[in-house]
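The values are calculated or read from the model by the stated rules, or taken from the named source; none is laboratory data. Values in this document were obtained by computation on a predicted structure and should not be read as measured data. We place every Cβ from the backbone using ideal geometry, glycine too, and count neighbours over all the protein chains shown. Ligands, DNA and RNA are stripped out before the accessible areas are found, and what is left, the full protein with its side chains, is counted by its heavy atoms. Shrake-Rupley method; radii C 1.70, N 1.55, O 1.52, S 1.80 Å.
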Amino acid sequence: MSRLYDTLEPSVMDKKMLQQAVEEQGPQDQAGQIAKEEGVLYEEVCQLCLNYRNILKIDHLWQFTSLTKLQLDNNIIVKIEGLECLTNLKWLDLSFNNIEVIEGLNSLVLLEDLSLYNNRISVIENMDTLLNLHILSLGNNLFTQLENVIYLRRFKNLRTLNLAGNPICREDHYKIFVAAYLPELVYLDFGLLNEETREQAHGKYQYAIEEMRHNETQERKAIEAKKEQEDQFQLHMDAFVEHLNGPYLFDSMYADDAEAAKLSYLPGVPVLLETFKSQLVELCMQMFEVGLAQHGRREDELKSFFDCSREAVEENQQRAAQSVADFERARRQVMSEMQQATDPRLLETQLNHCNDEINQLCDSLMTQELQLVDQLEDIIKDFERDILDMVAGFVEVVQGIFAQCRDLENHHHEKLLEIAVATLEQVAKNELEEDMPDDVRMLFVDKDTVINAVSASHDTHLLKIDNREDELVTRVNSWISALIKSIQDKEVKRNRKRIAEIHNYIDYVRDQLSEMRQERWGKNI
């Protein structure tokens, strides 16, 4: 089965181990030297092999965000963890370890090939998000329940499965069962599933499969409906108008209104409430529709900005790459000529010329980067102005509608107060025909009590309106501030990285020229 803890001390997956692995598996010779001098950026590493290192715990991988392939086989790992940031991973090998539970894989949604061969796993579980799986190896584990294989039906892209070496493989109808419940599978336990096996599987499990398909269809529809609902709500959140497409604001106003239920017994109040509700909902729907329309405009503006920025950067990169390519062709020619030169004066002239070319290239690359910085600065300024205008216009419109909501509430309050005072007079004269609960009659002991009750209800309603307005304005302003800061920070980071790249390259070619000078002068002295 899995690897046992051997006589070697467990290794710690630390920065030193990762650095060593990256250097060992990176470019070698001259390219490797350049990479070492410039420093390897972990976030740019695409493949990493960490097998046969006696690793006990997965750790320190959070920087390797571009990894597509990770080998951790033949270690002594006991728990799958520390992989949350590897969202680009497509190939993961955790075979020959001491893992007992499948877990910690939820963020690896792009994973296509997963090997957990030769571990101590007893249940197939916790892989719901790995819908891109094509190949899955679970051989030589401890699976005893054949029905557990049904869990794999959710992986519609799964074509190759290895379960060989598990206790379930000893059951009489193991292969037929797997073929029946995983009809899209092509290879099982290193062999092709033939038509005879598929026909036997269909005959034996046809009715059970049909019932399961029906249930799965119902579940899928429910999941899709829920997902659509969640997506719609997220859109409303992004537009800052969630819960404005219906009576939510009205309901919230009355949910915390202790006096509303009592006042609703007054003559004419139910009709007044219905009118107020319909008018308030209409105003909320106006805000909702404005919000969605403005969100669409903002999204278009964002897309236009990012497209324009990307085009500017790509065009600049192409010009810079062409400059470097032209320089490299000339440099290789000059370096070759200097290797053959025997005249010290000619050699010195060539060296000086080459040094001048390096300085010119450095100036050219820096000038191009400065031009790009200026260009992007103009693009960002234009975007900031436009998006701020959009947000300001949106806020102005919704604040105007919220003002109408307050006016509507004030009007409703005045009407309700009139009804309450009229009812008080009727109660005082014993002219009120409607029956009212005792707690409602208690409101009419005097005028102050009635007015206080109506005013408390009014204050509660206005507070709800004000709070919803404040929430919307605060969130949209926070969003625009965070967006602009993010764009500015990203540009600063890009510029610093580009300047460092230019300096590193220029330093490298200067070092090469210096080595040539030392070598050739030594030979000509």
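Condition test on TYR207, is it of a type in the set (Phe, Trp, Tyr), without any contact (Cβ under 8 Å) to a residue 24 or more places away in the chain and assigned to a helix (DSSP H, G or I)?
Answer is yes for this residue.
So in segment 166-182, with the set limited to residues that are touching a residue at least 24 places away in the same chain (Cβ under 8 Å) and out of contact with any Leu (no Cβ under 9 Å at 6 or more places or on another chain), which one is farthest from GLY139 (Cα to Cα)?
The qualifying residue farthest from GLY139 (Cα to Cα) is ALA180.
State all residues of segment 65-81 that are farther than 18 Å from ILE135 by Cβ and either in contact (Cβ under 8 Å) with a residue 40 or more places away in the chain or open to solvent by 60 Å² or more (accessible area, probe 1.4 Å) (or both); if no residue qualifies, say none.
Across segment 65-81, the qualifying residues are ASN74, ASN75, ILE76, VAL78, LYS79.
Where the second residue is aliphatic (A, V, I, L, M) and open to solvent by less than 40 Å² (accessible area, probe 1.4 Å) and the first is free of Cβ contacts under 8 Å to residues at least 40 places away in the same chain and at positive phi and lies in segment 345-367, which pairs have Cβ atoms under 6 Å and are six or more apart or on separate chains?
Nothing qualifies.
Give me the pairs: first residue in segment 466-488 and over 17 Å from GLU301 (Cβ atoms), second residue open to solvent by 70 Å² or more (accessible area, probe 1.4 Å) and not aliphatic (A, V, I, L, M), beta-carbon distance under 9 Å, and six or more apart or on different chains, which are they?
Close Cβ pairs satisfying both conditions: ARG468/HIS243; GLU469/GLN399; LEU472/GLN399; VAL473/GLN399.
So LEU130 ticks every box in (1) open to solvent by less than 20 Å² (accessible area, probe 1.4 Å); (2) within 30 Å of LYS16 (Cα to Cα); (3) in a loop (DSSP other than H, G, I, E, B) but one. Which box is left unticked?
Evaluating LEU130 over (1) open to solvent by less than 20 Å² (accessible area, probe 1.4 Å); (2) within 30 Å of LYS16 (Cα to Cα); (3) in a loop (DSSP other than H, G, I, E, B) leaves (2) as the failure.
Which condition number does VAL178 fail, the rest of (1) modelled with pLDDT under 90; (2) open to solvent by less than 40 Å² (accessible area, probe 1.4 Å); (3) assigned to a helix (DSSP H, G or I) being met?
(1) is the only condition that VAL178 fails.
Quickly run through segment 353-383 and pick out the residues that are polar (S, T, N, Q), open to solvent by less than 70 Å² (accessible area, probe 1.4 Å) and farther than 16 Å from GLU501 by Cα.
Matches in segment 353-383: ASN355 only.
Cβ-Cβ distance below 8 Å, separation of 6 or more or different chains: which pairs start in segment 401-419 with a residue that is free of Cβ contacts under 8 Å to residues at least 60 places away in the same chain and end on one that is open to solvent by 40 Å² or more (accessible area, probe 1.4 Å) and among the β-branched types (Val, Ile, Thr)?
LEU417/ILE451
Could you say whether any residue in segment 452-474 is over 23 Å from ASP251 (Cα atoms) and assigned to a helix (DSSP H, G or I)?
no
Restricting attention to segment 461-502, and to residues there that are buried (at least 18 other Cβ atoms within 10 Å of the Cβ) and either of a type in the set (S, T, N, Q) or under 30 Å from LYS415 (Cβ atoms) (or both), which single residue is farthest from the chain's Cα centre (by Cα)?
Among those that are buried (at least 18 other Cβ atoms within 10 Å of the Cβ) and either of a type in the set (S, T, N, Q) or under 30 Å from LYS415 (Cβ atoms) (or both), it is HIS461.
Quick one: in segment 11-49, of everything that is open to solvent by less than 60 Å² (accessible area, probe 1.4 Å) and part of a loop (DSSP other than H, G, I, E, B), which residue is modelled with the highest pLDDT?
Looking at the filtered set, the residue picked out is VAL45.
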